[in-house]
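As structure tokens, the structure follows; a few thoughts come after it.
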Amino acid sequence: MNLDRVLQVEGVTKVYGKGDNKTEALRGISFDVLEGEFLGIMGASGSGKTTLLNCIATMIKPSSGRVLLKNNDVSSFKGVQLADYRGQEIGYLFQEFELLDNLTARENIILPLSIHGVTGHQAEQGLKELANRLDITDVLDKFPSQMSGGQKQRVAAARALISKPSIILADEPTGALDSKNSKVLMDKLSAINKEQNKTIVMVTHNANAASYCSRILFIQDGRLFHELRKNIETENSNSFYKRIVTVMAQLGGGSANVL
Amino acid sequence: MFFKHVRRNAAKYRKNNELFFSSLVVAIVAFYTLLSLGDQDVMLFLKTIESDAVSKLMLLIPVVYMISLFFVFFQVYFAYRYQLDSRKKEFGLYLMLGMKRSTLFALLMSETIWNSLISILIGLPVALLLTEGISLATAKLVGLGIIGHRISFFISAVIGTVVGFIAVQMIAMLLLSASVSRKEPIELLRSDSPEKQVPLSAKKGWFCFVVGLILLFLAYAVGVTMLRSFDFYIVMLIIILGGGGTFLLYRGMGVYIGHNIQRKSPMRSGLFTFTGRQIQENVIHQYKALAIASLLLVIALACASFGIGIASGRGSTEVRTVDFSIEGSEQEVHGVLDSEASKSMISEYYPMFLSHMNTNLYDQSGEILKRSPNAHEFSWAGLSAALANLPETDLRNNMIENFSDQRGRPYIISETSYNELLQAIGKEQIQLKKNQIALYTSMKDSGDFMNILNSALELGAYIEVDGQKYELLSSVYYDNVVADRKITLYSALIVSDEDYRNWVSDASTPFCWNVVLNQEVVNEKGLMQAIQLMEQNLAGTGLEYESFISGIGRNLFYTVAASYLTIYLGILFMVIANTVIGMKYLMQQRANKHRYTTLLMLGANVNDLCKSAKSQIRLFFALALSIAVCSSIFAIWSMFTSFLKLPAGTSIVKVIVITGIAAVLFVVIEFIYIHIVERASSREIQALQVTDRG
């Protein structure tokens, strides 16, 4: 059973500041992510969801607890190991795309591979397949300033996928997109998740985007608050969406939460 | 509270912009050095000999100072504009928190004044040390005693420096902060997205690139082939072609770099593409700055070479043959020179017999105007014929014409007098045989003239006196027959003493008496002081005299004035150009900091990023430098083959050594600049890692 667990988060806490100024962003969170899962993380602003994602992505170090990717403790990585982890084991999708605006789409996508010593020629095959799948073949030689927001995020998705990472981490990937482009992106991500059995962990505010997930963790004040699991065989996205909205209403101040 | 804030902000600014701040200090040193020129020992000394020329130079200094201020103003303006841009949010916040516009304005101005004062506090002592050093070194170099030297603080130069420097800073800041404090808070709070990479259409880019190259090569060609003298129109043509070419070349270079990246990147891994695109973006956005920096470097290199050329050319030709030339009767001269005071100073003195040949006077048509008793018939025809056998040039034709003119009476010098002179400077003496004569000229500074004359003599030239042919020796003699400029001879003949007596009307009166000082005294006191001491002996005697000191004075003046000013401008332009390049790079890196964070997230390690930044910096500098160096080579080539021809006899080894030292200095300065920028850039990238890892 252990083999199927791609990611294990064990008692992770994150404390900022000292003494009276102490702020606990994460207060001991534990969960596992199985291979091929599409996990959503939801919560109000300041609940700690992005801090959690950043701990997994090694952008920040947890104060205590462990993050294991394929049984390796990522918080202990340093130097080359850390660089390899960032470039090859995880793919990161940012809310603001974070494409380098002086590189063409093609150059942006193969950047994680070039950094790890792969030439453009060697990356060509993988690049073509991804570009086809994400509908960005036409913009490969364009610069970000010449693309629409949707195209930019799909180029960013291609960049996250090109190194065939074990897990994709997405931080509000639809946050800067309109509903139409959000739908296109989520359809693509969902298809990749299903067809390639790619594991995705996505932080989002958006119930619509979350309804594409197979499981959703709700976080409040740095703790796990609730978990929703989609019944893949019997439940369609619409009814899952309704359940999500109900939990969100509770999180956002439903009757149970009245102080 | 307000002043604490001002001081803190100013300190932060200095720390973040050490490159710009140190260039300000250099500017202060340069300003003071320029303004104190008139008060330096050498100049004070020169004022006593060449007061006219020195006053003219002093009139020129404010002009040069204004030019320097103008260029420094631009550097300051752009640096402050960048500073204000990057602090816009902070200002917006101040306004939102209720700071008055006038207070914000005062804050900015106070920060500027505070930083200016600190630059002055650092720069002035350095400037004082430097000028003292220059003053002592030049004084020692030219043999001025250092007894009269005292440490000096030239108040007018200090005031000039401080006022000019602060004025430039204040005007730049005034223009900028006025526009900032007029803006609405929301405009300030909204962060500008950095300029987007929009490639220039490939066709347009290539067009600029190719036309730029063509114009640049045309400028080189015009410079090398058409610039024979300092012709205003030709110089303007070169400036337009060269300047336009440089701008167009940099304008189109982005496309060329992009093309190269696309061609090479499929084969390369690592950050090759990123580095290339960064450079391309820098070139596309900063092409104007690159072109201006590159042109400034060309001016800097050309100025410095001009200064070095003048200094080495002038310094090497003036050979000291005689220390004093005195006019007076034999008795008077003996009376003064044989006195106890003078005797110990002098190693020898001798009469210089130099006079016109006694010929008839002719008018323009060649008819005899006035007959002289015992007149001789003289002809240059043999020399003209030898000249006519040489390849034709304008100068040769001129010379033939001059020597064909039969109206002039030739000057003749007695062999013994000239041999005395040769002996005094340790040269081999002339041994004239019967019917032999040597040719003399004072025009030794004109290399071409001397070459033509020597070639003609080697072919075997002669002159005729009273129908008798006299063979001319095969080389021309040129050592100055007087101490300074008592007489300048286009041509003269050194003849045997017997011929001299026969051919001049008064063979007993010398042209002047030449005095050579005792070498031991010169060694002990230095030439300048020795001459000044001897002058005291001559001053009250009523004798007419000239001394070698005026020659040195004139020489020194040209050397000091021309080389000092041009080298000063060269260094100033170089500092500005390098600061512009360095700052433009660092600004661009700071504006695109998030790219480096993204790369870190994608798994690049910090060392790779620093390496990429270093190659970007080197390439960016190389782009500006390569074209500048290439243009400078042609500029210097044109200059030295036209109006700045080095005089004949200039030691080539000396020129090469000085040029070599200058070149090494240039390379060292460039390395220092590149290193400073690299360090600043690495520091910023390493700081990213820290925040990134929380």
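The mean number of partner chain beta-carbon atoms within 10 angstrom of a residue's beta-carbon across peptide B:253-264 is 1. Kindly tabulate the residues in segment B:267-303 with an accessible-area decrease of at least 10 Å² between the chain alone and the assembly of all protein chains, using a probe of 1.4 Å. Residues shielded by partner chains are B:MET267, B:ARG268, B:SER269, B:GLY270, B:LEU271, B:THR273, B:PHE274, B:ARG277.
Computed from backbone phi with θ = phi - 60° and the Karplus coefficients 6.51, -1.76 and 1.60, the 3J(HN,Hα) list for segment A:38-46 is 10, 9, x, 10, 10, x, 6, 4, x Hz; x is used for glycine and proline. Suppose we compare each residue of segment A:45-65 in its chain alone and in the full protein complex with a 1.4 Å probe; which ones drop by at least 50 Å² of accessible area? When all protein chains are present, A:MET59 each give up 50 Å² or more of accessible surface. Sites listed here are trypsin sites (Lys or Arg not before Pro) in segment A:1-102 whose DSSP assignment is loop and whose Cβ has at most 13 other Cβ atoms within 10 Å: A:LYS18, A:LYS22, A:LYS78. Only lysines eight or more places from B:LYS469 in sequence, or on another chain, were considered; those with a Cα closer than 20 Å are B:LYS433, B:LYS434. Each chain gives up part of its surface: B and A jointly bury about 2900 Å² of accessible area, both sides summed, for a 1.4 Å probe. Taking A:ILE41, A:ILE167, A:ILE29 in turn, the Gaussian network model of chain A (Cα-Cα springs below 10 Å) assigns the largest fluctuation to A:ILE29. Computed per residue of chain B from DSSP H runs no shorter than four, each worth -39500 (n - 2.57), the mean residue ellipticity at 222 nm is -23000 deg cm²/dmol. Across chain B, Cα-Cα distances exceeding 45 Å account for 41% of all pairs. Altogether, the Stokes-Einstein calculation at 25 °C and 0.890 mPa s, with the Kirkwood radius of segment B:357-398 over Cα pairs as Rh, returns a diffusion coefficient of 197 µm²/s.
Its Cα gyration tensor gives segment B:252-406 an equivalent ellipsoid; the semi-axes, largest first and in whole Å, are 69, 31, 13. Among the chymotrypsin sites (Phe, Trp or Tyr not before Pro) found in segment B:555-647, those both in a DSSP coil and sparsely packed, with 15 or fewer other Cβ atoms within 10 Å of their Cβ, are B:PHE643. Inter-chain Cβ neighbour count for A:78-90, averaged per residue, equals 3 (cutoff 10 Å, partner chain atoms only).
In the full protein context, segment A:62-207 carries 39 Å² of accessible surface per residue, based on a 1.4 Å probe and ignoring ligands, DNA and RNA.
About the centre of its Cα atoms, chain B shows a dipole size close to 6100 debye [charges on the beta carbon of Lys, Arg (+1) and Asp, Glu (-1) only; nearest 20 debye].
Rounded to the nearest 20 debye, the dipole magnitude of segment B:317-377 is 160 debye, with +1 charges on Lys and Arg beta carbons, -1 on Asp and Glu beta carbons, and the Cα centre as origin. Mean residue ellipticity, 222 nm, helices only, chain A: the sum of -39500 (n - 2.57) across DSSP H runs of n ≥ 4, divided by residue count and rounded to 500, is -10500 deg cm²/dmol. Electrostatic tally near A:VAL15: other residues with Cβ closer than 10 Å to its Cβ, Lys and Arg +1, Asp and Glu -1, net +3. With all projection directions averaged, the alpha carbon convex hull of segment A:1-131 covers 10.4 nm². Exposed loop sites, defined as GluC sites (Glu not before Pro) outside DSSP H, G, I, E and B with at most 13 other Cβ atoms within 10 Å, are absent from the longest region of chain B, namely B:1-366. Here chain B has 62 percent of its accessible surface on carbon and sulfur atoms, given a 1.4 Å probe and all protein chains in place. For segment A:25-77, the relative contact order is 26 percent, taking Cα pairs closer than 8 Å that sit 6 or more residues apart in sequence and dividing their mean separation by the residue count.
Computed over segment B:236-336, the quotient of the alpha carbon radius of gyration and 2.2 N^0.38 Å is 2.27.
Of the whole protein surface, B:ILE308 contributes about 30 Å² of accessible area at a 1.4 Å probe radius.
Since only B:ALA311, B:THR321, B:PRO266 are under comparison, the one whose Cα sits farthest along the positive direction of the charge dipole of segment B:247-327, derived from C-beta charges on Lys, Arg, Asp and Glu, is B:PRO266. The mean of 1/r over all pairs of different alpha-carbon atoms in segment B:392-484, once inverted, gives a Kirkwood hydrodynamic radius of 14.6 Å. Take each residue in B:603-613, count the other chain C-beta atoms within 10 Å of its C-beta, and the mean is 4. Taking Rh as the Kirkwood radius computed over C-alpha pairs, what is the Stokes-Einstein D of segment B:239-281 at 25 °C in a medium of viscosity 0.890 mPa s, expressed in µm² per second? D = 214 µm²/s. Take the cross-link list A:LYS22/B:LYS89; A:LYS183/A:LYS230; A:LYS142/A:LYS198; A:LYS18/A:LYS61; B:LYS264/B:LYS593 and give me the ones stretching past 24 Å between alpha-carbons. Distance filter (> 24 Å) returns A:LYS22/B:LYS89; A:LYS142/A:LYS198; B:LYS264/B:LYS593. The convex hull drawn around the Cα atoms of the protein assembly as shown, when projected onto a plane and averaged over every direction, covers 53.8 nm². Computed with the Debye formula from one identical point scatterer per Cα of chain A, without solvent, the log10 of I(q)/I(0) at q = 0.15, 0.17 Å⁻¹ comes to -1.12, -1.38. Restricting the calculation to Cα atoms, segment B:538-677 shows an Rg/Rh of 1.24 when the hydrodynamic-style radius is the Kirkwood one. Relative contact order, whole percent, for chain A stands at 25, derived from Cα pairs under 8 Å and 6 or more residues apart. What's the carbon and sulfur percent of chain A's accessible surface, probe 1.4 angstrom, rounded to a whole number? Looking at chain A in its full context, I get 47 percent from C and S. In chain B, taking the dipole from charged Cβ atoms about the Cα centre, the farthest positive-side position among B:PHE557, B:VAL504, B:GLY38 is held by B:GLY38. Select from B:LEU361, B:LEU395, B:LEU296 the residue farthest towards the positive end of the dipole of segment B:290-422; place +1 on Cβ of Lys and Arg, -1 on Cβ of Asp and Glu, and compute about the Cα centre. Value computed over the given set: B:LEU296.
Applying the Kirkwood pairwise sum to the alpha-carbon positions of segment B:199-264 produces a hydrodynamic radius of 12.6 angstrom. Per residue, the accessible area of chain B comes to 47 Å², computed with a 1.4 Å probe over protein heavy atoms only.
Give the range of the longest stretch in chain A that excludes all GluC sites (Glu not before Pro) found in loop regions by DSSP and having at most 16 other beta-carbon atoms within 10 Å. Counting only loop sites that pass the neighbour cut-off, the longest clear stretch is A:97-232. Only the Cβ atoms of Lys and Arg (+1) and of Asp and Glu (-1) were treated as charged; on that basis the dipole of segment B:1-145 about its Cα centre amounts to roughly 1020 debye.
The values are calculated or read from the model by the stated rules, or taken from the named source; none is laboratory data. All values reported here derive from a predicted model rather than from experimental measurement. Note that we place each Cβ from the backbone using ideal geometry, even for glycine, and neighbour counts take in every protein chain shown. Ligands, DNA and RNA are stripped out before the accessible areas are found, and what is left, the full protein with its side chains, is counted by its heavy atoms. Shrake-Rupley method; radii C 1.70, N 1.55, O 1.52, S 1.80 Å.
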